[in-house]
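K.L.:
So that we are looking at the same thing, I have put the structure below in structure tokens.
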Amino acid sequence: MINKKNLWFLTLFSLILVLSVYYITMPSELLLTNSNNYLKTEEDKQEEIKTTVKESSVITALKIANEEEMQEELDALKLVLSDNKSSANEKNEAFDKMKNINQLKTEEEAIVKKIKEKYELDSFVKIEGNSVKVVINLEKHDKELANNIMRTVQENFDSAVYVSVEFKQ
């Protein structure tokens, strides 16, 4: 006699068997036309390869070092916030510092995005006090471009800041 478990097993097994036979006997052209890679020609693939932008190792190293530094500061501040022995003033100061770090990170990202959109250049931005350091991924040192980038960066601030632009490859 067939119980419910065996009936379910046979039903699912037969369904899997039917679907696998259907998949195997399906024409291969039907499978290939649904694939995006099949529809692309060799010229499209070559063009796609050419437009791929790789970030400079210098820019990447600077970003990683800056991110690690910020994370260490944030971790230290979180310890102060979570410590029961810390006073209310210490916790308030730690919270304000965390807020400032996150705000600086947001401003740096906005400047990087603006430079990417306006000049189509990879960059690294570091804000420290009233100075802004910008590192551009470009071999050629262009004074006019550096001046334009300085003006673009200055637009983000209400008061005057010291902006330095450095070109590295």
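The values are calculated or read from the model by the stated rules, or taken from the named source; none is laboratory data. These numbers come from a predicted model, not from an experiment. Note that each Cβ is placed from the backbone with ideal geometry, even for glycine, and that neighbours are counted across all protein chains shown.
K.L.:
Does Asn148 fit the bill of being surrounded by fewer than 17 Cβ atoms within 10 Å (Cβ to Cβ), part of a helix (DSSP H, G or I) and touching a Lys or Arg at 6+ places or on another chain (Cβ under 9 Å)? Working first, answer last.
P.N.:
On the way: surrounded by fewer than 17 Cβ atoms within 10 Å (Cβ to Cβ): yes; part of a helix (DSSP H, G or I): yes; touching a Lys or Arg at 6+ places or on another chain (Cβ under 9 Å): yes.
Considered against the rule, which asks whether it is surrounded by fewer than 17 Cβ atoms within 10 Å (Cβ to Cβ), part of a helix (DSSP H, G or I) and touching a Lys or Arg at 6+ places or on another chain (Cβ under 9 Å), Asn148 comes out as yes.
K.L.:
Within segment 1-33, restricting attention to residues that are outside any helix (DSSP H, G or I) and modelled with pLDDT under 85, which residue is surrounded by the fewest Cβ atoms within 10 Å (Cβ to Cβ)? Reasoning before the result, please.
P.N.:
Initially, segment 1-33 is screened for residues outside any helix (DSSP H, G or I), giving 1-3, 26-27.
Checking which are modelled with pLDDT under 85 leaves us with 1-2, 26-27.
Numbers: Met1: 3, Ile2: 8, Met26: 10, Pro27: 8.
Per the stated criteria, the residue is Met1.
K.L.:
Do you know which of the residues in segment 111-142 that are among the β-branched types (Val, Ile, Thr), in contact with a helix residue (DSSP H, G or I) (Cβ under 8 Å, 6 or more places away or on another chain) and assigned to a helix (DSSP H, G or I) is nearest to Met70 (Cα to Cα)? I'd like the intermediate steps shown before the answer.
P.N.:
Filtering segment 111-142 down to residues among the β-branched types (Val, Ile, Thr) leaves 111-112, 115, 125, 127, 132, 134-136.
Checking the rest, the ones that are also in contact with a helix residue (DSSP H, G or I) (Cβ under 8 Å, 6 or more places away or on another chain) come to 111, 115, 125, 127, 132, 134-136.
Keeping just the survivors that are assigned to a helix (DSSP H, G or I) gives 111, 115.
Numbers: Ile111: 18, Ile115: 22 Å.
Checking each candidate, the answer is Ile111.
K.L.:
What is the residue count in segment 96-141 for residues that are charged (D, E, K, R), within 15 Å of Thr60 (Cβ to Cβ) and over 15 Å from the mean Cα position of the chain (by Cα)?
P.N.:
Total satisfying the criteria: 1.
K.L.:
Does Val112 satisfy the condition of being modelled with pLDDT of 90 or more and surrounded by 14 or more Cβ atoms within 10 Å (Cβ to Cβ)? Give the steps one after another, and end with the answer.
P.N.:
Numbers: modelled with pLDDT of 90 or more: yes; surrounded by 14 or more Cβ atoms within 10 Å (Cβ to Cβ): yes.
So Val112 fits the description; yes.
K.L.:
So which residues in segment 116-132 are within 13 Å of Ser164 (Cα to Cα) and surrounded by 16 or more Cβ atoms within 10 Å (Cβ to Cβ), if there are any at all?
P.N.:
Ser123, Phe124, Val125, Lys126, Ile127, Val132
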